[in-house]
Amino acid sequence: MDDQGKEERILKGIPASPGVAHGPAFLFLKKELEIPSYQVPEDRREEEISRFEAAIVETRKQINTIRSEIEEKLGEDEAQIFDAHQLVLEDRALLDETEKEVLTSGYNIEHCYHKVANRYIQAFSNIDDDYIKERVADIKDVSRRLLHNLLGQIILSLTGLIDPVVIVSEDLTPSDTANIDTEKVFGIVTDQGSRTSHAVIMARSIKVPAVVGLHNITEQVKPGDMLIVDGYDGVVIINPSESSLFRYGKIRHERENIEKRFSSVLDFPSITQDNVSLDILLNVEGTEPEHVYQNSGATGVGLFRTEALFLKNEIFPTEEEQFRAYKRVVQMQPENAPVIIRTLDLGGDKNPVGGKFGYAEANPFMGFRAIRFCLEEPDVFKVQLRAILRASAYGNIHLMLPMIVSAEEVYSAKRMIRECCDELDAKGLAYNREIKIGTMIETPAAAAIADILAQECDFFSIGSNDMIQYLLAVDRVNDRIAHLYNPYHPAVIRTLRHVITIARNAGIPVGICGEVAGDPVYAALLFGMGATSISVTAAMVPEIKYLIRTMSFRDAQNLAADVCSLVNPDEIEARMKRFYDNRMRDVLTL
Ligand code: PEP
Ligand code: MG
C-alpha cells in the first residue's frame, strides 16, 4: 500500500531507456472514447448545460496554454492552428444545437455534443476541398478534447504539459515524442513498443527513462496514480509502497555513483590500454539541447536522423529551416569533427503528423520508406540535399543515404546531389565540393553487395536496428515477437563481420549506428571485428569509453574471434556478458 492506501502493483515490460523516474501518471490515450448515453430528468437538464459550459472554459484554457507553448517553441505561424481550434470551440451554431438537443431529447450532454459534432463532421467530410478537410480535422480535435474534459479524462496532447509527469500511453509515435518537452516528462511507459521503435530511440536520446511492451498498463493506471519507472530492468510500480520508494531511492543513488565513475573519463580519449582508438560518435535527432552535444565525450556526430524536423508539423521544413538546423549541429561540434547527416528516412513507424502521405501499408517497414520515398519525391529530397550541402560549408559534414538495397539507388541519389551542386553553383552559394557520401548498410541486400557499394561510397554505417529486423524477419516494433529480435543470433554476428571486413578491404571507414553499438560490450565486439567507429546516444558514451579504456585491443579481437566461432545465441550472449563483468566488476560493486 502507498501512503494513501492505494494498492501497490508491479508490472514487467521491456527496458527501453535507462534511468529511474518517479512521478504522477499522465494518461495519454488514443483509444476511441466511450461516450455514455443516458436520459437526464427534466429538472436536471440545466445542470448538464452548466457542465458543458465548465468544460468549454477548461478546453479554452488548455488550447490557450498549448498555443503559447507552440508559439514559443515553433513560432507564430505554427501557433495559429490553435486560433482555428478556439473558433471551432466557440462556434455558436454548434453550441446552440447541442444545448437544444439536451433540452429536447433529454439525453446527457456528452451524448448530445458527440451527436451534433459528428453531424458537422459527416456533412463536411463529403466536401472535396482542402480547406474544409482541415476544418473537419479541427472539429475532430476540439470535440475530442471537449469530450475528454466532460468525461473527466485526460487531454490528448503532449505539447501542453504543465507539470512534470510520467506519460502512460498505448504507444507513442515518433511525432508524439518529437513534441515532448523534456523538462515536463519524468518517464514514459507504454502498452506496446520495442527497444528499437523510433519513439523509444528518441526517448533514449532525450534521456527519459522508459519501459515499453507492458501490454495493458493503460488499463491499470488511473489519473493521479504515482509511478516508479525502472528503465534499467523494465519494471513499473503503480502506487509504490514506502519500501519500494526507499529501495528505488537507493538504486537511483547507486546508479548515480556508477555513472559518476563512468563520467570521470569523459574528457579522455577513447583509447585502449595498448593505444588503439575507437571513435565514439553521437546519434542525434537535431532537436536536443546544446549541452547534449557539447559535453558528450564524443568526437563528432555519427548519425543525425533528420526525420524529427519533418515529424513535428504537417508542413515540411523549408530549405532555409533545414539549413539552419544542420548548421546549428555542425557549429556545436569542435572544428573538423565529422557530422554525418542522414537523408530523410520517413515511412516505417515514422509518419508525419496528419498522415501527410496517407501511408496505409500492410508492411510499412518494407514499404514506401526512406530512399524509396526520396527518389520518387525529388522536390522534397532536393530541398534537403541543398540544405545539407549549404551547411557543409560550415564544417565536416558527411551525407548518408538510408535503406539502400541496390547500387542503382546510390547512383540515382548521387545524380540528384550533382544537380543540387549545379543549382547552388548557379546561385553562387558555397558548399564543400569534396563532401563525403556514404550509405547505411541496413538491409541484407546491401550487406550482400557491400563490395559493389563500397566502390561508390566514401564510408559505411551499419544500421543494426533494421538489419536485425530484416535478417531475422522480426518486425522491430512488434512487442509480441520482441523476444525473437535477437542481436546475438549468429546471422547477425556473421553479417556484421562480413560488412566490416568488406569495408576494411575496400579501405573505407565503417561505423555502426544501430542500438547494438550503445551496448558497451557489443561496442567492444564491433571494435574487435574492425569497426572504425560506433555511434550511440549521448547517455551511453561514458560507459563505453570507460570499458574501452580498461581493455586492450587484443581483448576485443579475442572476444570477436570467440563470438564468431560460437553458433548458439545464448552462448554468444553469455560470452559477452562474461567479458563485460570481468572488466567492470570493480565499478559494479562500488
Ligand atoms: C538502424 O536501422 O540501425 C538505424 C540506425 O536507423 P533507424 O533506427 O533510424 O532506422
Ligand atoms: Mg534504419
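A short reminder: the numbers here are calculations on the coordinates, not readings from a lab. Given the structure is predicted, the values throughout are model-derived calculations rather than measurements. A quick note on method: Cβ atoms are made from the backbone with ideal geometry, for glycine too, and the neighbour counts reach across all protein chains shown.
Would you mind ranking Arg92, Arg324 so that the residue whose beta carbon has the fewest other beta carbons within 10 Å leads the list?
Sorted ascending by nearby Cβ count, the order is Arg92, Arg324.
Where both residues lie in the chain, what percent of DSSP beta bridges are antiparallel, nearest 5?
Around 35 percent of the beta bridges assigned by DSSP in the chain are antiparallel ones.
Test of understanding: extend the Cα→C-beta vector of Lys427 to 7 Å, then name every residue of segment 316-332 with backbone N under 16 Å from that spot.
Output list for this probe position: 317-327.
Can you list the DSSP H helices in the chain whose Cα atoms extend at least 15 Å along the helix axis and whose mean Kyte-Doolittle hydropathy is -1.0 or higher?
Helix filter hits for the chain: 45-74, 92-105, 109-125, 130-150, 378-391, 407-427, 490-506, 553-565.
Can you put Ile81, Ile66, Ile462 in order of Cβ neighbours within 10 angstrom, beginning with the fewest?
Ile81, Ile66, Ile462
Only Cα pairs under 8 Å and at least 6 apart count here; give the relative contact order of segment 277-540 as a rounded whole percent.
Rounded, it is 19 percent for segment 277-540.
I need the calculated FRET efficiency for the pair Ala506 and Ile132, taking r as the beta carbon distance and R₀ as 56 Å, to the nearest 0.05.
In this case the efficiency is close to 0.50.
Could you tell me how many cubic angstrom of Cα convex hull volume segment 181-220 has per residue?
Dividing the Cα hull volume of segment 181-220 by its residues yields 65 Å³.
Per residue and in cubic angstrom, what volume does the convex hull of the Cα atoms of segment 277-540 have?
Dividing the Cα hull volume of segment 277-540 by its residues yields 125 Å³.
Multiplying the sequence separation of Ser277 and Asn295 by 0.36 nm and subtracting their Cα-Cα distance, what value in nm do you get?
Length gained, Ser277 through Asn295: 4.5 nm.
Calculated FRET efficiency, Glu34 and Met416, Cβ-Cβ r, R0 35 Å, to nearest 0.05?
Between Glu34 and Met416 the formula returns 0.10.
What are the equivalent ellipsoid semi-axes of segment 313-442, built from the alpha-carbon gyration tensor (square roots of five times its eigenvalues), in whole angstrom, biggest first?
25, 16, 15
Quick check: pseudo-label points 7 Å beyond the Cα along Cα→Cβ at Gln122 and Glu335, how many nm apart are they?
Calculated label separation equals 6.9 nm.
Give the residues of segment 296-318 whose amide nitrogen is closer than 17 Å to a point set 7 Å from the Cα of Asp379 in the direction of its Cβ.
314-318
What do you get for Rg/Rh over segment 15-146 if you use C-alpha atoms and the Kirkwood form of Rh?
For segment 15-146, the value is 1.05.
What's the center-to-center distance, using Cα atoms, between segment 115-144 and segment 380-443 in Å?
About 41 Å separates the Cα centre of segment 115-144 from the one of segment 380-443.
Using just the C-alpha positions of segment 207-269 as equal point scatterers, what log10 of I(q)/I(0) does the Debye formula give at each q in 0.19 1/Å?
Results for segment 207-269 at q = 0.19 Å⁻¹ read -0.82.
What does the convex hull of the alpha-carbon atoms of segment 249-380 project to on average, in nm²?
One quarter of the hull surface, i.e. the mean projection, equals 12.1 nm².
Just want to confirm a number: the relative contact order over the chain, from Cα pairs under 8 angstrom separated by 6+ residues, in percent.
Value for the chain: 15 percent.
Over the Cα atoms of the chain, what is the Rg over Rh ratio if Rh follows Kirkwood?
1.00
Where a Cα-Cα gap under 21 Å defines reach, which lysines qualify for Lys260, not counting those fewer than 8 residues away within the same chain?
Lys207, Lys250, Lys545
Divide by every residue of the chain the summed helix terms, -39500 (n - 2.57) for each DSSP H run of at least 4, and state the resulting mean residue ellipticity at 222 nm, rounded to the nearest 500 deg cm²/dmol.
Theoretical 222 nm ellipticity from helices: -15500 deg cm²/dmol.
Below 8 Å between Cα atoms, with a sequence gap of 6+, how large is the relative contact order for segment 42-151 in percent?
Relative contact order of segment 42-151: 33 percent.
Using the number of other C-beta atoms within 10 angstrom as an exposure proxy, rank Lys184, Lys577 with the fewest first.
Listed from fewest to most nearby Cβ atoms, that is Lys577, Lys184.
Estimate the FRET efficiency between Ala393 and Ala448 by the formula 1/(1 + (r/R0)^6), using the beta-carbon distance for r and 51 Å for R0, to the nearest 0.05.
After rounding to 0.05, the efficiency reads 0.90.
Multiply the residue separation of Arg9 and Lys140 by 0.36 nm, subtract the distance between their alpha-carbon atoms, and state the gained length in nm to one decimal.
Gain in length upon complete extension: 43.6 nm.
Report for segment 277-540 the percent antiparallel among DSSP-assigned beta bridges with both residues inside it, nearest 5.
Of those bridges, close to 5 percent are antiparallel.
Compute from the Cα atoms of segment 74-143 the Rg and the Dmax, the latter being the longest Cα-Cα distance, and quote both in angstrom.
That works out to 13.6, 45 Å for Rg and Dmax.
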